[in-house]
Amino acid sequence: MAYEKRLCVLKQIKRGFSADGSPLSGAVHAERLGGELTLTVKLLGVAPVREGRYALVVWLDGKYFYFALSDNGPIKLENAPTLHDGFSALILFVKGEAEPIAYGHCGFAPADYQPLLRAFEEEGEKKKRKQPIPTPLSPNQVPGIPSPQVPLAPGVPVPDEGEKEAERAIYDDEAIADANYFTEKENDGKADQNENAARRGGGKKEKGTHAGGAASHEEDGVEQPFYRGGGLTYYNSVREKIEEAFVKFPRAEELSKAISQSEWIKANGAYLGIVYEKGQPRYLCVASESHGEPPEEMKETCVFVPANPFTETEGYYVVFQDADTGEIVKTAQS
């Protein structure tokens, strides 16, 4: 399973979209593990919008991908093309027409943002053309009332006045409620929140942290946006030992920089780490520094992770273990 990492720096194209009037700046981090691509957009000083929206267009291996920008964390793309030739990213403000506001590229990606802008506009036109056109009514056809030329279906009796009166009696504007509807709904909502919190936390409602200090998915009864969900069977079985190790041994910040959303320690010459996905442990990892060929016991299962986007020789050999099942992620798997 190959690991690729790229970074492109964003530069301002059009003024008027920063919160303090200064030029916009930022970057897009791209990581591809197997076939899954993770895009992390960091745009500094961008102003919030009341009308319209921000969008992202990405060029990758000759293809275009379109995403809506929000505060919901990294963007995931399954079965993504390779990052070998680099990528480019265009930030747009969309309100009717799309306005380019920032652009960046790396590797062999296009240095001009115009192809990405045209691709986004063409995609919008395709969506408009796919929308069904409503069939116009005839001049004498009023919605809900049959035309004089259309007879009533046979066997369907027309309601008489007595039935109409009975239907009107079902609802009475002047009826006095014998219960406080809004209080009941409020209590029902709180009960639902408590039930969901208990299900996510395994019956625990106190706030806390994962191993090594990663934030939990619930704090003060408010669900956090980075909760992944799913089981952590294997992780929970070894959690106490992992927490003890993270307290006992020093942190390895160099690997945390190489793999985003992860934390590491160095113990007895090897590295032990946790890779998170939306705040939950996703992989438990063991790593060693790359000096020529990988260690014999890691050859069949390890992945080479470069130390930074600018090197292909310096880095680490990493073994990924599923936090739920405990299975080793094979190199041949994608």
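Some values worked out for this structure:
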{"quantity": "Protein-only accessible surface order, largest first, of E123, E314 at 1.4 Å", "calculated": "E314, E123"}
{"quantity": "For A252, distant residues with modelled amide H under 5 Å away", "calculated": "W264, I265, K266"}
{"quantity": "Residues listed by number, segment 1-23, amide nitrogen under 14 Å from K76 label point at 7 Å toward C-beta", "calculated": "none"}
{"quantity": "Calculated from backbone phi, Karplus (6.51, -1.76, 1.60) coupling profile of segment 296-312 in Hz, x at Gly/Pro", "calculated": "4, 6, 10, 4, 7, 10, 8, 10, 7, 10, x, 5, 7, x, 9, 9, 10"}
{"quantity": "Amide proton proximity set for G315, modelled H, under 5 Å, gap of 5+", "calculated": "S290, A307"}
{"quantity": "Modelled FRET efficiency - R0 35 Å, F249 with D85, Cβ distances, 0.05 increments", "calculated": "0.35"}
{"quantity": "Pairs from K76/K126; K95/K127; K14/K257; K63/K278; K11/K127; K5/K330 whose Cα-Cα separation, in the structure shown, is over 22 Å", "calculated": "K76/K126; K14/K257; K63/K278; K11/K127"}
{"quantity": "Computed over segment 69-116, the ratio Rg/Rh where both radii use C-alpha atoms and Rh is Kirkwood", "calculated": "1.00"}
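The values are calculated or read from the model by the stated rules, or taken from the named source; none is laboratory data. Just so we're clear, the structure is a prediction, and the values are computed from it rather than from any experiment. Cβ coordinates were reconstructed from backbone atoms using ideal geometry, including for glycine residues, and neighbour counts include every protein chain displayed. To get the accessible areas, we keep the full protein, side chains included, count just its heavy atoms, and leave off ligands, DNA and RNA. Shrake-Rupley method; radii C 1.70, N 1.55, O 1.52, S 1.80 Å.
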